[in-house]
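Worksheet for the structure shown next.
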Amino acid sequence: MTGTRTIAVIVVAAGRGERASSAGDTSPKQYRDLAGTPVLSRSIAAFLRRDDISWVVPVIHSEQVDRYAALGLADPRLLPPVTGGETRQASVLAGLTALSPKRPDLVLIQDAARPLVTSEVIGGVIEALRGSEAALPVVPVTDTIKRSVDGRTVTTTEDRKTLFAAQTPQGFRFPQILSAHLRAGRMPREFTDDAAIAEWAGLSVALTPGSTHNLKITHPEDFARAERLLGKETAMETRIGTGFDVHPFDTGSSVWLGGVEIPHTHKLKGHSDADVALHALTDAIYGALGEGDIGKHFPPSDPQWKGAASSIFLKHAAGLVTERRGRIVNLDITIVCEAPRVGPHVEAMKAAIGAVCGVSTGRVAIKATTSEQLGFTGRGEGIVAMASASIELPRED
């Protein structure tokens, strides 16, 4: 949270994405893989990695419900998808309407086709909304722009110092943009973006720094460009890290394992929520990065982490991979305990971990076993988790 403000995000993904189709893949662009992760998953994960985001609502096409479900996204802040309209403007209004019961203070509106948006761009928009009614990330236009009335000859040359290319997320105070959209929906004209509706409604729109990496995927060649920006086509190296963690049982009624709360006769004892599986996995990612362990980044002596959700630690580790222009290839966890039974919760764990790390559930493996009643786990005194993480990073040598 930023101060006491609640911040919602609408991710607009209701288009058919046909212009980005290629001979090898005709699926909608928002569901196509980009360096191993679907475009829409990347766009949503960019916001779920931030602790100041309260809710995220995807707006999808009515014919793509199964495609969205197949992404396996799961996060307490991720709301059920909303069906979009015939136009982008109608789809955004559908998202705003769905958020109305939540009454957020601020709303960010993001195109799903911008999967490389950075936390810095998002943070700049949020910060600008402290003093402005709306905020728009932009990059300066560097080409010389010519205007032509007939399309054949130059009428005039524009002053490029006054020209900027608009990006998303575009940020607004929720009640104002909802009111503006409702009024704009009754107009015969179609607005190209939400900032244009804000301008039309008389709201002041502040400019914030965008990024040349925050490209919009529109045509097939944009996938190649996005993959280059992600470092896929640069010299990459594979890093593998391992993690190990142990927590004893304590008096309680449920345990947290793999980001899922499981009813049990005891809880796990620890400074945070004691999610032994996420702790091992987080350490595995830190290990692959050469970044130490959880204790280095989240010291148990710091009272702010008392009872904290372990997903916070995992999100930080996954965020470091992104910051270093890398990607998570796969994650593997083995849980050793006599009880509770882990099997019935594996899919929920994979979904939770995938959502936090911004990867598909197919890149997450979770196994459970017992120690055949040997040792402290066999006596039911605690749980052990072992994990490995494989990541790719740009080669440093």
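The values are calculated or read from the model by the stated rules, or taken from the named source; none is laboratory data. Model, not experiment: these values are computed from the prediction. No Cβ is skipped: glycine too gets one built from the backbone with ideal geometry, and neighbour counts run over all protein chains shown. The protein model used for the area step is the full one, side chains on, heavy atoms only, and it has no ligands, DNA or RNA in it. Shrake-Rupley method; radii C 1.70, N 1.55, O 1.52, S 1.80 Å.
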Rounded to the nearest whole Å², what accessible area per residue is found for region 97-199 with the 1.4 Å probe? 51 Å²
Region 195-259 and region 128-166 have their Cα centres apart by a whole-number Å value of 28 Å
By its C-alpha gyration tensor, with a ≥ b ≥ c as the square roots of the eigenvalues, how is region 113-165 shaped: rounded for a/c under 1.5, else prolate for a/b larger than b/c, else oblate? prolate
Give me the percent of accessible area attributable to carbon and sulfur for region 46-159, probe 1.4 angstrom. 50 percent
Given the options L178, V139, F376, identify the residue whose Cα lies farthest towards the positive end of the charge dipole of the chain (+1 on Cβ of Lys, Arg; -1 on Cβ of Asp, Glu). L178
Helix-only [θ]222 nm of the chain, DSSP H runs n ≥ 4, -39500 (n - 2.57) each, per residue, nearest 500: -8000 deg cm²/dmol
Is there a quick way to get the dipole size of region 36-122? I mean about its Cα centre, with the Cβ of Lys and Arg at +1 and of Asp and Glu at -1; what is the value in debye to the nearest 20? 60 debye
Solvent exposure ordering (accessible area, 1.4 Å, most first) of D51, D222, D250: D51, D250, D222
What shape does region 271-369 have by the C-alpha gyration tensor, where a ≥ b ≥ c are the square roots of the eigenvalues, rounded means a/c under 1.5, and otherwise prolate means a/b greater than b/c and oblate the rest? oblate
Linear extension gain, E323 paired with Q304, 0.36 nm per residue minus alpha-carbon span: 4.4 nm
Name the most mobile residue of S119, S100, S148, meaning the one with the largest mean-square fluctuation, in a Gaussian network model of the chain with Cα contacts below 10 Å. S148
So what's the gap between the Cα centers of region 344-395 and region 266-311, to the nearest angstrom? 14 Å
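Per residue and in Å³, how big is the convex hull formed by the alpha-carbon atoms of region 328-397?
107 Å³
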For region 206-332, what log10 I(q)/I(0) values come out of the Debye formula at q = 0.19, 0.23 1/Å, with one point per alpha carbon and no solvent? -1.02, -1.28
Take K161 and R341, extend 7 Å from each Cα along the Cα→Cβ direction, and tell me the distance between the two endpoints in nm. 7.3 nm
Given a 1.4 angstrom probe, I'd like the percentage of the accessible area of region 224-338 that is carbon and sulfur, rounded to a whole number. 52 percent
With every protein chain kept in place and a 1.4 Å probe, the residues R225, R32 fall, from largest accessible area down, as R225, R32
Run through the DSSP bridge list for region 250-397 and note the antiparallel percent, rounded to the nearest 5. 70 percent
Hey, can you find the accessible area per residue of region 308-397 for me, probe 1.4 Å, expressed in square angstrom? 42 Å²
For the chain, give the magnitude of the charge dipole about the Cα centre (Cβ charges: +1 Lys/Arg, -1 Asp/Glu; no others), in debye to the nearest 20. 840 debye
Say each of E86 and K216 gets a label point 7 Å from the Cα, pointing the same way as Cα to Cβ; how far apart are those two points in nm? 2.1 nm
Could you work out the pair-distance distribution P(r) of region 137-190 from its alpha-carbon pairs, with 10 angstrom bin width and percents rounded to whole numbers? 19, 26, 30, 23, 1
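Just to confirm, what accessible area per residue do you get for region 249-307 at 1.4 Å probe, in whole Å²?
That works out to 44 Å² per residue.
First obtain the Kirkwood hydrodynamic radius of the chain from its Cα pairs, then insert it into the Stokes-Einstein equation at 37 °C and 0.692 mPa s, and state the resulting D in µm² per second as a whole number.
Stokes-Einstein gives a translational diffusion coefficient of 145 µm²/s.
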Of the residues K296, K161, K102, which exhibits the maximal mean-square fluctuation in a Gaussian network model of the chain defined by a 10 Å Cα contact cut-off? K161
Using a Gaussian network model of the chain with C-alpha springs under 10 Å, which one of T37, T144, T97 is most mobile by mean-square fluctuation? T144
Counting only backbone N atoms under 15 Å from a point 7 Å out along Cα-to-Cβ of T265, the residues of region 360-397 in range are 373, 377-383
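Provide the FRET efficiency to the nearest 0.05 for the R228-R147 pair, computing r from the beta carbons and using R0 = 45 Å.
0.90
Would you mind calculating the gained length between T97 and V138 on full extension (0.36 nm times residue separation, minus the Cα-Cα distance), in nm to one decimal?
Contour length minus Cα-Cα distance gives 12.1 nm.
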In nanometres, the difference between 0.36 nm per residue of separation and the alpha-carbon distance of L374 and E237 is 45.4 nm
